[in-house]
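Structure record follows, encoded as structure tokens.
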Amino acid sequence: GAVVSQHPSWVICKSGTSVKIECRSLDFQATTMFWYRQFPKQSLMLMATSNEGSKATYEQGVEKDKFLINHASLTLSTLTVTSAHPEDSSFYICSASRLAGPSYNEQFFGPGTRLTVL
Amino acid sequence: GQNIDQPTEMTATEGAIVQINCTYQTSGFNGLFWYQQHAGEAPTFLSYNVLDGLEEKGRFSSFLSRSKGYSYLLLKELQMKDSASYLCAVRGGSNDYKLSFGAGTTVTVRA
């Protein structure tokens with residue numbers, strides 16, 4: 001149990017376009033989902049914390065108008081990179097926590113989405 | 001703020017043991033995690049420590065000393081497939097379950 005999926009796995013887009021990335025918890029309800037960004041040979045940097053039914057909490061330095069997060073249900077959160085530019089090219093990873101039941105301490109990570117902006 | 005340090009790279013021979021150290025200075029503490037990450041893939045959970053002491057899980061063990069702000073991950077009987085990046089992550093004292101990650105230690109296992 002505790003499987004998290006992301007879609008798409010990779011995406012290439014033109015500069016100025018918007019890209020939506022989906023994160024789903026397949027077999028559990030995730031009241032909290034986290035979005036990370038990882039540049040090559042660097043660690044994961046938390047971008048925002050997403051709680052179902054409420055606005056996301058963004059980390060310092062992350063533009064909330066550029067990285068739109070929606071967490072409409074207990075199994076789905078989406079990250080939309082608006083007006084993407086080459087510097088937004090990165091590996092985007094989501095994770096989900098279940099705050100009750102087995103392994104409630106863990107964050108379960110999705111497989112990541114490789115975004116390349118040309 | 002959160003400050004988590006771990007070595008950048010380590011190299012070891014197949015069958016050997018490697019110890020990856022992690023020191024942290026965080027505002028509050030509510031657990032330390034170790035993750036394995038292969039290139040281009042998402043991190044996978046290895047271990048969780050919240051109390052002082054050693055947690056053993058097969059070939060992998062993790063140790064925590066909260067008073068010293070120190071943890072290590074011990075990899076025994078190294079296999080080629082263990083070549084990966086190992087991430088130390090600390091959960092702070094808030095109730096939001098956020099993790100702060102170290103930069104990762106790249107372990108290369110040689111035959």
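The values are calculated or read from the model by the stated rules, or taken from the named source; none is laboratory data. Everything numeric in this text was worked out from a predicted model, so none of it was measured. Please note: Cβ atoms are built from the backbone with ideal geometry, for glycine as well, and neighbour counts cover all protein chains shown.
For the stretch B:36-85, a tally of residues being within 10 Å of the chain's Cα centre (by Cα) and β-branched (Val, Ile, Thr) returns 0. Of all residues in the stretch B:96-109, none satisfies being more than 9 Å from every other protein chain (Cβ to nearest Cβ) and more than 15 Å from B:Thr8 (Cα to Cα).
Any residue in the stretch A:55-74 that is within 14 Å of chain B (Cβ to nearest Cβ), in contact with a Leu (Cβ under 6 Å, 6 or more places away or on another chain) and without any contact (Cβ under 8 Å) to a residue 24 or more places away in the chain? Within the stretch A:55-74, one or more residues are within 14 Å of chain B (Cβ to nearest Cβ), in contact with a Leu (Cβ under 6 Å, 6 or more places away or on another chain) and without any contact (Cβ under 8 Å) to a residue 24 or more places away in the chain. Condition (residue is more than 24 Å from A:Tyr58 (Cα to Cα) and in contact with a helix residue (DSSP H, G or I) (Cβ under 6 Å, 6 or more places away or on another chain)) applied to the stretch B:97-111: is it met by at least one residue? Scanning the stretch B:97-111, I find at least one residue that is more than 24 Å from A:Tyr58 (Cα to Cα) and in contact with a helix residue (DSSP H, G or I) (Cβ under 6 Å, 6 or more places away or on another chain), so the answer is yes.
One line per residue, one yes/no per condition, for (1) surrounded by 14 or more Cβ atoms within 10 Å (Cβ to Cβ); (2) of a type in the set (Asp, Glu):
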{"residue": "B:Glu14", "(1), (2)": "no, yes"}
{"residue": "B:Thr26", "(1), (2)": "yes, no"}
{"residue": "B:Trp34", "(1), (2)": "yes, no"}
{"residue": "B:Gly40", "(1), (2)": "no, no"}
{"residue": "B:Thr44", "(1), (2)": "no, no"}
{"residue": "B:Ser47", "(1), (2)": "yes, no"}
{"residue": "B:Gly58", "(1), (2)": "no, no"}
{"residue": "B:Phe63", "(1), (2)": "yes, no"}
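Residues that are within 13 Å of the chain's Cα centre (by Cα) and hydroxyl-bearing (Ser, Thr, Tyr) within the stretch B:1-35 comprise B:Thr8, B:Thr23, B:Tyr24, B:Tyr35, listed in sequence order. Every condition in (1) farther than 16 Å from A:Lys41 by Cβ; (2) free of Cβ contacts under 8 Å to residues at least 40 places away in the same chain; (3) within 13 Å of chain A (Cβ to nearest Cβ); (4) of a type outside the set (Phe, Trp, Tyr) holds for B:Glu41 except the one numbered (1). Of all residues in the stretch A:89-96, at least one satisfies being farther than 17 Å from B:Tyr35 by Cα, hydroxyl-bearing (Ser, Thr, Tyr) and in contact with a Ser or Thr (Cβ under 8 Å, 6 or more places away or on another chain). Taken as a whole, the structure leaves A:Ala2 outside the set of residues that are at pLDDT below 95, under 15 Å from the mean Cα position of the chain (by Cα) and either away from chain B (no Cβ under 13 Å) or buried (at least 17 other Cβ atoms within 10 Å of the Cβ) (or both). The criterion of being surrounded by fewer than 13 Cβ atoms within 10 Å (Cβ to Cβ), under 30 Å from A:Val11 (Cβ atoms) and within 11 Å of chain A (Cβ to nearest Cβ) does not hold for B:Ala89. Does the stretch A:18-49 hold any residues that are hydroxyl-bearing (Ser, Thr, Tyr) and either within 19 Å of B:Ala42 (Cα to Cα) or within 11 Å of chain B (Cβ to nearest Cβ) (or both), and which are they? Once the filter is applied, which keeps residues that are hydroxyl-bearing (Ser, Thr, Tyr) and either within 19 Å of B:Ala42 (Cα to Cα) or within 11 Å of chain B (Cβ to nearest Cβ) (or both), the stretch A:18-49 yields A:Ser25, A:Thr31, A:Thr32, A:Tyr36, A:Ser43, A:Thr49.
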